[in-house]
Amino acid sequence: QAQLVESGGGLVQPGGSLRLSCVGSGFGLEGDAMSWYRQAASKERELVGHINSVGNDVYYEGSLKGRCTISRDNAKNTVYLQMNNLKPEDTARYYCKAPFRSLWGQGTQVTVSS
């Protein structure tokens, strides 16, 4: 059964950094473009960005643009979201998605607070 599992979330102080990981199981990610989304409480899920299958074309959107980097290691079947200079408004649950499979992970919570 194909699954995506995110990890790396947690509590971080404003200005801090986190790296989220999304590991695929039951299938290989190497042929898939992958996306990161986030959803804050009482808000709609929003796109953070996506990366093509080989990792040389990345698109960012929203308020994390300029403070985050999406990358992937196909040998490890993993996609990453590096976030820097985090702000309280970045508090959300972060999800990865394999859009062409309509497959979502369960998400990982990021809380930015002092």
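Between rounded, prolate and oblate, where does the range 27-81 land on the alpha carbon gyration tensor, with a ≥ b ≥ c its root eigenvalues, rounded for a/c under 1.5, else prolate if a/b exceeds b/c? Prolate, since a/c reaches 1.5 and a/b exceeds b/c.
Need one number: nm distance between label points at SER42 and PHE100, each 7 Å from Cα along Cα→Cβ, rounded to one decimal. According to this spin-label approximation, the distance is 4.0 nm. Counted by Cβ distance under 15 Å from ASN85, the other residues give a net charge of +2, where Lys and Arg count +1 and Asp and Glu count -1.
For the range 46-55, the Karplus equation 6.51 cos²θ - 1.76 cosθ + 1.60, evaluated at θ = phi - 60°, returns couplings of 10, 6, 8, x, 8, 9, 6, 5, 9, x Hz by residue, with Gly and Pro reported as x.
Using a 10 angstrom Cβ neighbour count of at most 11 plus a DSSP loop assignment to flag exposed trypsin sites (Lys or Arg not before Pro), which longest range of the chain is free of such sites?
In short, 66-114.
Volume per residue for the chain equals 89 cubic angstrom (convex hull of Cα atoms). Bridgeable aspartates and glutamates around LYS97 (alpha carbons under 20 Å apart, same-chain partners fewer than 8 residues away excluded): GLU6, GLU30, ASP32, GLU44, GLU46, ASP57, GLU61, ASP73.
By the Cβ distance rule of under 4.7 Å, the chain has these cysteines without a partner: CYS68.
Carbon-plus-sulfur accessible fraction, the chain (probe radius 1.4 Å, protein heavy atoms only): 45%.
The values are calculated or read from the model by the stated rules, or taken from the named source; none is laboratory data. A quick note: this is a predicted structure, and the numbers were derived from the prediction, not measured. Note that each Cβ is placed from the backbone with ideal geometry, even for glycine, and that neighbours are counted across all protein chains shown. Surface accessibility is based on the protein's heavy atoms, side chains included, excluding ligands, DNA and RNA. Shrake-Rupley method; radii C 1.70, N 1.55, O 1.52, S 1.80 Å.
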